[in-house]
1. Just to be sure I understand, how many residues within region 31-65 are crowded, with 17+ Cβ neighbours inside 10 Å and either under 25 Å from the mean Cα position of the chain (by Cα) or not in a helix (DSSP H, G or I) (or both)?
2. Of everything in region 232-247, what is part of a loop (DSSP other than H, G, I, E, B) and touching a residue at least 60 places away in the same chain (Cβ under 8 Å)? Give them in sequence order.
3. Give me the pairs, please: first residue somewhere in region 266-291 and free of Cβ contacts under 8 Å to residues at least 24 places away in the same chain, second residue anywhere and crowded, with 18+ Cβ neighbours inside 10 Å and assigned to a loop (DSSP other than H, G, I, E, B), beta-carbon distance under 8 Å, and either six or more positions apart or on two chains.
4. For region 220-231, check the following and say yes or no: at least one residue is in the same structural domain as LYS177 (by TED's automatic domain parsing), within 30 Å of PHE153 (Cβ to Cβ) and either part of a strand (DSSP E or B) or in contact with a Gly (Cβ under 7 Å, 6 or more places away or on another chain) (or both).
5. Taking region 205-223 only, how many residues are exposed (fewer than 15 other Cβ atoms within 10 Å of the Cβ) and free of Cβ contacts under 8 Å to residues at least 40 places away in the same chain?
6. State whether one or more residues within region 75-86 are at pLDDT 95 or above, farther than 29 Å from ASN330 by Cβ and buried (at least 18 other Cβ atoms within 10 Å of the Cβ).
Amino acid sequence: MKELILLLIIIITISGAPPSDVPIFNVDLDGDAFHRWDQVLASFSNDDLQNFVTLLKSSSTLQAAYDSFWSSWLETNVEFVFGTELKTEMEGVANYTNIAFKDIVEVNLVYELTVACSILIGYDENSNPFLSHNEDYSLGTAILRQIVMRVNFQSNGSTIFTGISYAGLVGSRAIYKSGEFALAHDQRESSASIEDNLNNLTAGAKPIFVLIRQVGENCSDFTCAFNMVNTTYIASLGYFGICGKQPNEAYVITRDREQSYLVNQTFDGTYNWYLYEGNSDLNTDPPPYDIRREFINNYMRVIDQDDWNHIGIFYVMTFYPLRRESTVWNMIAIPSSSFLQAKILSCTTIYDRANTPIDCTSCTPTCEQGICLEYQGKCSCNAGFIGDSCDTLDTTNLPTTESTSDKDNVARGISITSIVALTVVIIGIFIYPKCKKEKSTPNTDDKEMK
């Protein structure tokens, strides 16, 4: 494992820059709520936020449901749903960006309309609970990469908690409280309609983004956060990954609207020291097109917890099929060691296990801006960081039982693969002018894998 990490670092150093950090801002909770986000919004292009609003409104089904709900109830009940402070914050965002208040509210209800993600929790080599979250969002992925932000919510000059979100949103997608806990959310499939999700707000259900921020503001420890996530009435079904600072404080919580449906716990130092949640209940099998759980289980079967740290976590979470064309960013949090990392994952062409190209034509940068590599007769784009080498881990021949010899063999094989990838990168730098792009075949499964 250590050899693999060293080789990966060499590849990163030679082939290009790593994924960019999510930009960090401070928000003063003691200040005027109406102007609370002004300095943050000044750092982003107003066009990007407006473009995302326009994209949301381009879905006729989604927009018809929201317009009807707005005119029939929400317009006069925004404070009931969000509370006075957040309503005032959204009014301030609308004022600063010159975007209609109705549209800003819609952006802040975006999970009740559409979203997707994945979560990995477990324990690192020092028995510290960790949480990693991939934000997958197929609607406006390229735009969201431009407006994602990491916000330190502060009071009396100190950071209370940190949230990962997007410019224009006053809630949070994931939160981290240093030394205490981390929390992230994932979509749970449901037969409920958009109208059903919105109508639950009339009965006092909390929007997901709002609940996550409220946990950060109101909870000082893991127990409070765990209980709040388990019991709060929410508008949409979902999964929550949560970890604390103590042994055995790592859970995936499967939520119905009014209560938890299933609570799965990991245990340090045992065979079930990790859990992966990718949009399917953990007591059921994922649909055939979703191979993410299969991949992570095969991968983790040959990884020893004693060699597992944030570098390995980032590697596997940014590798296909866990990282996809629609992945916007990745977060890794280890509360007990006060570690938080949030990276924007820019788009390149990546390959599945059959080496079929996945089309990223809707994303930037284009291939001409990366390093052009010849790969098995295809011309691909390599941004030069972990997860974009166009050479995925073949899980078909991994051992079904864990043993020292199996681990050594797989680690040796991965190291050889890394050396080959490094060689290809070096060659690619010199053959770049001769590399000819070929049209890629779109991955039709990616839209289904939420």
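The values are calculated or read from the model by the stated rules, or taken from the named source; none is laboratory data. In this text, all values refer to a predicted model and were calculated from it rather than measured experimentally. Virtual Cβ from ideal backbone geometry, glycine too; neighbours counted across all protein chains shown.
1. 11
2. Correct list: ALA235, SER236, GLY244, LYS245, GLN246, PRO247.
3. Short answer, once both residue conditions are applied: PHE267/TRP273; ASN272/THR266; PRO286/GLY278; PRO286/ASN279; PRO286/SER280.
4. Yes; the residues of region 220-231 include at least one that is in the same structural domain as LYS177 (by TED's automatic domain parsing), within 30 Å of PHE153 (Cβ to Cβ) and either part of a strand (DSSP E or B) or in contact with a Gly (Cβ under 7 Å, 6 or more places away or on another chain) (or both).
5. 2
6. Yes, region 75-86 contains at least one residue that is at pLDDT 95 or above, farther than 29 Å from ASN330 by Cβ and buried (at least 18 other Cβ atoms within 10 Å of the Cβ).
Yes or no, residue by residue, for (1) in contact with a Gly (Cβ under 7 Å, 6 or more places away or on another chain); (2) among the acidic types (Asp, Glu); (3) not in a helix (DSSP H, G or I):
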residue: ASP196; (1), (2), (3): no, yes, no
residue: ASN200; (1), (2), (3): no, no, no
residue: PHE209; (1), (2), (3): yes, no, no
residue: ARG213; (1), (2), (3): yes, no, no
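Yes or no, residue by residue, for (1) over 21 Å from ILE296 (Cβ atoms); (2) touching a helix residue (DSSP H, G or I) at 6+ places or on another chain (Cβ under 6 Å):
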position: ILE194; (1), (2): yes, yes
position: LEU201; (1), (2): yes, yes
position: SER220; (1), (2): yes, no
position: GLY241; (1), (2): no, no
position: PRO247; (1), (2): yes, no
position: ASP256; (1), (2): yes, no
